[in-house]
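The values are calculated or read from the model by the stated rules, or taken from the named source; none is laboratory data. None of these values were measured; they are calculated from a predicted model. Positions of Cβ are generated from backbone atoms using ideal geometry, with glycine treated the same way; all protein chains shown enter the neighbour counts.
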Amino acid sequence: MEMQLPPAVAPGDRVAVVAPSSGGAHEHPHVFELALERLKTVFSLEPVVFPTARQGTEFLSRNPRARAADIHAAFSDPDISAVFATIGGWDQLRICAHLDHELLAANPTRFFGMSDNTNLSLELFAAGVISFNGGQLLNEIAVPGALPAYTERYCRRAIFDSSLGTIAPSTEWTDEPSDWEDPAALETAPTYRSNDGWQWAGATERVSGPLWGGNQSIVKWRLAADRCVPEPETVDGAILALETAEDLPSPTTVRATLLSIGERGLLEQFGGVIVGRIRGQSFLEQPPAAQQRAYRRQVRTAIIEEVKRYNPSAPVVCGLDWGHTTPVAPLPIGAPVTIDAIAETITVESPS
């Protein structure tokens, strides 16, 4: 499939803020306002808040058509250069039947969202439009303390440039849960730890292909619903990207997702696999550091073993700064990506 990269944004442009998933902005307005302020002051953008963005989760849950309508309105507005999701959730799959792929393809606009917004990214992929899995407002732009320089650097490339270029590991990272109940907590930066780099497994090869995937739970649910799941031949040579969420799925659950992708005939077709950094704690679960390290290692092993079962020739790289940890580099779903397991580099290229 030929993918189109939406036009780059320019400083001063108007960008849409929508809630295609849940209503975090309504429940935590101080976090939302910080995100809007950073769009203005850090990225020199003019946010335009669409109706869904200020609605609560209960309203959004009852009105999947309203969420789809805001997406259509944002994409078709000629004065809007990009669309930013407020936050993720768990039921965005319900709006997909109401999306107009022809409208989205006719109005390619850069979209930024992750987690449950993997649904919209994969719908855009099916429509032939590249989107960015990352750059989500509340949990990636409105992080406590200062916006990490790493996040700003790669968000700038995703917003304003034609490609991310070569991605480097961050020097430090955190999965410390944010306290959104106390507005003053946003002023205190979380505890960062040193990054020990990426972990490489599988074949030592250089492979290139368009990126497909996102949050592993959403990929699993789309397989179950049979919603815009590509045929195996359409992802031949593509790069699979997966990341786990803050609910800390068990290694068996993650393994089952890969098994399902494999039994669908897809996993053997991918040229390589990219895995986002695996978080080890959440707001509800904060186990000891040793237990967190063991959990991340077990999930990583489960992924590597399942990929090897179906596709032993695929290089696998784990620990990218993408997903539910901080900082992040938004990954463009549908854009060409090169995994060089010989030089141990990852490069995101501009579509030809």
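Some values worked out for this structure:
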quantity: Among the candidates Asp77, Asp91, Asp116, residue that is closer than 24 Å to Val235 by Cβ and not aromatic (Phe, Trp, Tyr); calculated: Asp116
quantity: Whichever residue in segment 139-157 is surrounded by fewer than 23 Cβ atoms within 10 Å (Cβ to Cβ) and among the hydrophobic types (A, V, I, L, M, F, W, C) and, among such residues, is nearest to Gly319 (Cα to Cα); calculated: Ala149
quantity: Residues located in segment 15-40, provided they are outside any helix (DSSP H, G or I) and either among the small types (Gly, Ala, Ser) or within 17 Å of Gly113 (Cα to Cα) (or both); calculated: Val15, Ala16, Val17, Val18, Ala19, Pro20, Ser21, Ser22, Gly23
quantity: Any hit, segment 22-37, residues being more than 19 Å from the chain's Cα centre (by Cα), over 23 Å from Ala106 (Cα atoms) and β-branched (Val, Ile, Thr); calculated: yes
quantity: Index of the failed condition, Phe43 passing every other in (1) outside any helix (DSSP H, G or I); (2) aromatic (Phe, Trp, Tyr); (3) in contact with a Leu (Cβ under 9 Å, 6 or more places away or on another chain); calculated: (3)
quantity: Selected residue (only one of Val317, Val307 is assigned to a helix (DSSP H, G or I), within 27 Å of Gly265 (Cα to Cα) and of a type outside the set (Lys, Arg)); calculated: Val307
quantity: Hey, Ile87 assigned to a loop (DSSP other than H, G, I, E, B) and either more than 20 Å from the chain's Cα centre (by Cα) or assigned by TED's automatic domain parsing to the domain that holds Arg157 (or both) or not; calculated: yes
quantity: Test set (1) surrounded by 21 or more Cβ atoms within 10 Å (Cβ to Cβ); (2) aromatic (Phe, Trp, Tyr); (3) more than 18 Å from the chain's Cα centre (by Cα) - Trp322 fails condition number; calculated: (3)
quantity: Residues of segment 169-193 that turn out to be within 25 Å of Gly276 (Cα to Cα) and among the acidic types (Asp, Glu), as a count; calculated: 4
